[in-house]
Amino acid sequence: MLHQFKRRSALAICLALTLLATAGFAQEGLADADTLMALMAQDKKVKRGKLTFILMEAIGRAVIAPNVEPAPVRDFLQKKLAG
């Protein structure tokens with residue numbers, strides 16, 4: 001149980017830092033795209049190698065985006081983390 005908590009926490013922290021990086025904040029110490037993708041691949045919502053994102057459409061209203069191909073996500077992360 002603790003291992004799962006640490007993995008989820010690490011993913012949340014990496015994603016939060018990535019979001020800060022895309023907003024122009026310092027990128028020192030961020031994980032690389034491959035590390036982030038490896039963490040995302042462990043998420044319980046992954047089905048047959050495809051990601052599922054839960055996105056906020058508005059305050060209090062989330063939408064589910066299933067069957068997200070990992071390659072474009074990795075490319076996006078790699079580009080944003082490169083500066």
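The table below lists the values:
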{"read-out": "Top-ranked residue in region 67-79 [being assigned to a helix (DSSP H, G or I) and either loosely packed, with under 13 Cβ neighbours inside 10 Å or among the acidic types (Asp, Glu) (or both); ranked as modelled with the lowest pLDDT]", "value": "79"}
{"read-out": "Inter-residue pairs, beta-carbon under 8 Å, first under 7 Å from residue 50 (Cβ atoms) and acidic (Asp, Glu) and in region 66-78, second exposed (fewer than 14 other Cβ atoms within 10 Å of the Cβ) and modelled with pLDDT of 90 or more, 6+ apart", "value": "69/50"}
{"read-out": "Residue that is surrounded by the fewest Cβ atoms within 10 Å (Cβ to Cβ), among those in region 38-66 that are among the aliphatic types (A, V, I, L, M) and assigned to a loop (DSSP other than H, G, I, E, B)", "value": "59"}
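Matching residues to (1) at pLDDT below 85; (2) within 13 Å of the chain's Cα centre (by Cα):
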residue	(1), (2)
26	yes, no
31	yes, yes
34	no, yes
37	no, yes
43	yes, yes
48	no, no
51	no, yes
62	no, no
65	no, no
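The values are calculated or read from the model by the stated rules, or taken from the named source; none is laboratory data. Everything numeric here is computed off the predicted structure, so don't read it as measured data. Note that we place each Cβ from the backbone using ideal geometry, even for glycine, and neighbour counts take in every protein chain shown.
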